[in-house]
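Visitor: Can you keep this structure in mind? I'll have questions shortly.
FYI, it's all coordinate maths here, none of it is from the lab. Here the structure is a predicted model, which is why all the values come from computation and not from measurement. Here the Cβ is made from the backbone with ideal geometry for all residues, glycine too, and neighbour counts use every protein chain on show.
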Amino acid sequence: MRIVGGSLRGLKLADVGTGDTAAHLRPTTDRVREAIFNLLVNGTHGNPIPGARVLDLFAGTGALGLEALSRGAAQITLVDDGSKAQALIRSNIAKARAEEAAELLRRDATRLGDSRGAPHGLVFLDPPYARGLGEKAVASALHGGWIAPGALVVWEESRPPLVPARLVPIDQRRYGDTLVTLARLPGA
């Protein structure tokens, strides 16, 4: 796995191999990550990355958040409760020399609690597929004030997710077994 664009382009991230099924680690492939960022940068919804506060739920390796940082995001918050994921994310933050711009939280994404900082304008969500955890995590993030009005949510799943009524779906694309749904929280 590598960062595919921006100032950190080409940076090799900590190797996960084929993932860690026990820990539900299934890293977004470089190809899918590149497609997601091309969609964000070139889409009709405006590029949400420059200067953004980014929330990466079920962060796994942190690759999505670090890719956003490489492409101009101001700050990333990476959330994962797995010990293997925590170690991988810490290693990748160090490789990217992103300690000052990255916050790593060991927390269950489906029970975030209240946000202690400013809300996030770009949210990545890559839960274990087909378990309904994405829906719970989005509900938790909305309830806790983690998502800013006008924020864009990028949701990876194997099937169409049940997007909460507060979010407006704006695009959906399939890349192999990954379905990427873009949704926006109205406001601002």
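Visitor: Quick check for me: using +1 on Lys/Arg Cβ and -1 on Asp/Glu Cβ, what's the dipole size of the range 30-184 about its Cα centre, in debye to the nearest 20?
Guide: For this selection, approximately 80 debye.
Visitor: Further, regarding this structure: Just to check I understand the Karplus step: with θ = phi - 60° and J = 6.51 cos²θ - 1.76 cosθ + 1.60, what whole-Hz values come out for the range 69-82, glycine and proline as x?
Guide: So the Karplus estimates, Gly and Pro as x, are 4, 4, 9, x, 5, 7, 8, 10, 10, 10, 10, 7, 9, x Hz.
Visitor: Under 17 Å Cα-Cα from residue 95, which lysines qualify once same-chain neighbours fewer than 8 residues away are excluded?
Guide: Qualifying lysines at Cα under 17 Å: 12, 84.
Visitor: Pick from 171, 56, 80 the residue whose mean-square fluctuation is largest in a GNM of the chain, springs joining Cα atoms under 10 Å.
Guide: Most flexible of the set in this elastic network: 171.
Visitor: Given Cα positions, please report Rg to Rh for the chain, the hydrodynamic radius being the Kirkwood one.
Guide: Over the Cα atoms of the chain, Rg/Rh equals 0.91.
Visitor: By per-residue mean of other Cβ atoms within 10 Å, what is the highest-first order of 127-140, 58-71?
Guide: Final packing ranking: 58-71, 127-140.
Visitor: Sticking with this structure for a sec: Tell me, what HN-Hα J-couplings in whole Hz come from the Karplus equation 6.51 cos²θ - 1.76 cosθ + 1.60 at θ = phi - 60° for each residue of the range 143-148, using x for Gly and Pro?
Guide: 4, x, x, 7, 10, 6
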